[in-house]
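FYI, it's all coordinate maths here, none of it is from the lab. What you are looking at is a predicted structure, and each value in this text was computed from that prediction instead of being measured. Cβ placement follows ideal geometry from the backbone for every residue including glycine, while neighbour counts extend to all protein chains displayed.
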Amino acid sequence: MSFRYDIIIEYAPLLLKGTLLTIGLSLAGIMIGTVLGLFIGLGKMARHRILSLPFVWYITFFRGTPLFVQILLIHFGVVPQFTGETNGIAAMILALSLNAAAYIAEIFRAGIQSIDKGQMEAARSLGMSHVQAMKFVILPQAFKRMIPPLGNEFVVLVKESCLAAVIAAPDMMYWARAMAGQYYRVWEPYLTASLIYLILTLSLSFLLSRLERKLETG
């Protein structure tokens with residue numbers, strides 16, 4: 001069986017365009033998911049059970065149901081309610097962000113709770129408010145411990161972005177499937193897609209490991 005490099009070259013511009021969209025979807029999901037995850041994690045840690053209950057339900061739902069189902073619900077149900085029509089890119093960003101937020105919330109919660117309670121008490125004794133103590137004392141220490149699990153979640157998010165092809169968002173996997181459908185080939189499109197995802201995840205892992213070492217030495 002011959003390996004056809006010519007069809008890879010033919011689809012290279014489209015694969016590049018799709019890869020840029022994949023990176024954009026992943027970055028949007030990471031940034032929005034991180035911000036939401038922080039607030040959801042803090043909400044779950046609320047002292048009053050009634051206040052924390054909605055955040056517990058949120059985390060339970062998004063961690064307990066498949067991302068694929070969430071994408072379909074958001075694409076065909078949620079987005080049309082606001083725009084009047086489906087939008088694959090908007091739906092994918094929303095789905096990745098909401099799903100990642102549930103996992104990142106647990107990472108933040110575990111990281112914050114891993115810090116000795118005496119740190120908070122010491123900060124409060126110095127006249128800091130609870131918010132100031134969290135911002136200047138607890139979170140900076142917890143963040144160092146959260147980098148490895150956050151890195152794992154970010155890598156998973158990049159790989160899960162391939163599901164955008166299912167709702168016709170023209171990401172990299174969308175064009176790989178188009179190549180496979182046009183030429184009835186399997187190895188060329190999917191091996192190329194695998195290689196691109198591998199490069200993306202290895203690059204992200206490298207950047208996160210550099211950040212981790214920098215914080216340790218700092």
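Could you tell me which numbered condition Ala142 fails, if it satisfies all but one of (1) among the aliphatic types (A, V, I, L, M); (2) more than 25 Å from the chain's Cα centre (by Cα); (3) surrounded by 15 or more Cβ atoms within 10 Å (Cβ to Cβ)? Failing condition for Ala142: (2). In segment 41-111, counting only helices (runs of 4 or more DSSP H) that sit wholly within it, the ones holding 1 or more residues that are under 30 Å from Lys144 (Cβ atoms) and either in contact (Cβ under 8 Å) with a residue 24 or more places away in the chain or not charged (D, E, K, R) (or both) span 49-64, 67-73. The set of residues in segment 157-194 being part of a loop (DSSP other than H, G, I, E, B) and under 23 Å from Met31 (Cβ atoms) consists of Ala169, Pro170, Asp171. Within segment 172-214, being touching a Phe, Trp or Tyr at 6+ places or on another chain (Cβ under 8 Å) and exposed (fewer than 14 other Cβ atoms within 10 Å of the Cβ) holds for one residue alone: Trp187. The number of residues in segment 1-22 that are among the β-branched types (Val, Ile, Thr), touching a residue at least 60 places away in the same chain (Cβ under 8 Å) and surrounded by fewer than 18 Cβ atoms within 10 Å (Cβ to Cβ) comes to 2.
Residues in segment 24-78 that are β-branched (Val, Ile, Thr) and surrounded by fewer than 18 Cβ atoms within 10 Å (Cβ to Cβ): Ile32, Val35, Ile50, Val56, Thr60, Thr65, Val69, Val78.
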